[in-house]
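A.B. asks: This structure is in structure tokens; I'll ask about it shortly.
The values are calculated or read from the model by the stated rules, or taken from the named source; none is laboratory data. Everything quoted here is computed from the prediction, not taken from an experiment. Glycine also receives a Cβ, built like all others from the backbone with ideal geometry; neighbour counts cover every protein chain displayed. These accessible areas exclude ligands, DNA and RNA; they are computed on the full protein's heavy atoms, side chains included. Shrake-Rupley method; radii C 1.70, N 1.55, O 1.52, S 1.80 Å.
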Amino acid sequence: MLRLIRLGATSATKHRFTQVAFGSMALRWHHSGYETSQLGGSPGTPSYRLYLAHNKSPLSPWHDIPLKPNTAQQPHEYNMICEIPRFTNAKLEIDTKSPFNPLKQDTKNGRLRFVSDIFPYKGYIWNYGALPQTYEDPEHCDKDTGCVGDSDPVDVVEVGARIARVGEVYRVKVLGLVALIDDGETDWKVFAIRSDDPLADRVRDIDGLEKHMPGLIAATVDWFTKYKVPDGKPLNAWAFNAKPKDAAYAHQVIADTHDAWKRLVHSQQSKFALSNVSVESSSHRLLPADANTKFKALVDGSISRVVSSDPACNDVAPQTAADKWYFVHGNTVTNKD
């Protein structure tokens with residue numbers, strides 16, 4: 001039987017949580033109004049999945065969370081889904097190919113992916129996540145970067161003071177972006193700050209980010225340039241000579257990728273999981289009862305890995321390079337084993 005793990009609030013957070021029942025699952029109610037439910041193994045194991053729900057009904061964080069919050073206090077506020085909290089190493093991401101698009105840890109060659117610690121950084125150096133209802137289209141070549149999209153939602157580098165939680169949905173203000181070129185694909189990295197951050201009123205754009213957080217933009221470029229080198233990859237490349245674009249440019253990129261998502265969610269392709277509960281004109285839309293039935297099928301047996309009650313049979317987080325500090329000089333790791 002699949003083990004369902006109750007998620008409780010940590011004592012460090014100031015936000016209040018209410019535990020609610022969703023069938024046989026325990027859910028955590030975020031202050032944002034979205035609930036998270038953990039299925040399978042613990043974080044750091046292959047079977048770990050984090051699903052989102054609203055009003056006790058399952059939803060897709062990619063398709064059903066609106067790009068813009070209904071409570072937006074500014075015209076250019078957006079919803080962000082946190083995938084990876086600051087200073088952590090596990091490469092968690094929205095699973096675009098599984099029903100309801102849960103968050104899971106990425107794998108490569110059958111192994112869980114962790115980013116290495118590269119001096120002087122520890123894990124991801126900001127809260128890292130995605131903008132819902134966006135899509136970087138691999139069939140579209142961007143006129144400015146000269147490269148196609150990477151088939152994912154738009155990435156967000158959120159620089160606020162508070163460390164977010166995995167699966168947390170919150171409002172952010174966009175400041176600008178940089179354009180990473182990853183294996184010949186455009187991979188936008190949007191700079192944002194959570195709307196309720198103490199600095200949000202002063203950090204209004206890229207210039208404000210540099211003024212109030214000097215060095216963070218350069219550190220971000222440095223981190224993304226080097227972070228794959230310990231895995232034997234070359235330095236990453238950039239469009240625009242790694243110079244950031246301003247907020248107006250970022251808003252246009254977000255609008256374009258939102259339009260690309262609209263085309264995707266209305267398409268008939270089968271590469272991605274497009275089931276949703278809110279896009280009325282999409283043929284992939286599920287009625288609430290159907291969504292609950294489909295989700296119950298996942299809980300009852302469609303998740304292939306079962307967690308035993310015997311700890312000896314459970315997933316064990318592998319020993320990885322995540323605990324090692326790497327020193328990268330140019331294209332070389334100076335302390336590689």
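A.B. asks: From the residues in region 273-307 that are over 17 Å from His54 (Cα atoms) and in contact with a Lys or Arg (Cβ under 6 Å, 6 or more places away or on another chain), which one is modelled with the highest pLDDT?
C.D. replies: Ala273
A.B. asks: If a residue has to be open to solvent by less than 30 Å² (accessible area, probe 1.4 Å) and either assigned to a loop (DSSP other than H, G, I, E, B) or without any contact (Cβ under 8 Å) to a residue 40 or more places away in the chain (or both) to count, how many in region 93-115 make the cut?
C.D. replies: So the answer is 7.
A.B. asks: In region 51-89, what residues are touching a Pro at 6+ places or on another chain (Cβ under 7 Å) and outside any loop (DSSP other than H, G, I, E, B)?
C.D. replies: Tyr51, Leu52, Ser57, Glu77, Asn79, Ile81
A.B. asks: Within region 218-250, track down each residue that is among the aromatic types (Phe, Trp, Tyr) and open to solvent by 30 Å² or more (accessible area, probe 1.4 Å).
C.D. replies: Trp238, Phe240, Tyr249
A.B. asks: Scan region 151-189 for residues that are on the phi > 0 side of the Ramachandran plot and either open to solvent by less than 10 Å² (accessible area, probe 1.4 Å) or among the polar types (S, T, N, Q) (or both) and jot them down.
C.D. replies: Result: Ser151, Gly167, Gly176.
A.B. asks: Now, a different point. Only residues that are among the polar types (S, T, N, Q) and open to solvent by 60 Å² or more (accessible area, probe 1.4 Å): list them for region 251-268, please.
C.D. replies: Selection gives Gln252, Gln268.
A.B. asks: I need the full set of residues from region 116-130 which are in a loop (DSSP other than H, G, I, E, B) and among the hydrophobic types (A, V, I, L, M, F, W, C), in order please.
C.D. replies: Phe119, Ile125, Trp126
A.B. asks: Regarding region 4-16, can at least one residue be identified that is of a type in the set (A, V, I, L, M, F, W, C), at pLDDT 50 or above and surrounded by 15 or more Cβ atoms within 10 Å (Cβ to Cβ)?
C.D. replies: no
A.B. asks: As an exercise: evaluate Ala72 against (1) at pLDDT below 50; (2) surrounded by fewer than 17 Cβ atoms within 10 Å (Cβ to Cβ); (3) under 28 Å from Val203 (Cβ atoms) and give the number of the one condition it does not meet.
C.D. replies: Every condition holds for Ala72 apart from (1).
A.B. asks: Pick from Pro138, Pro132: which is at pLDDT 95 or above, open to solvent by less than 10 Å² (accessible area, probe 1.4 Å) and not acidic (Asp, Glu)?
C.D. replies: Result of the check over Pro138, Pro132: Pro132.
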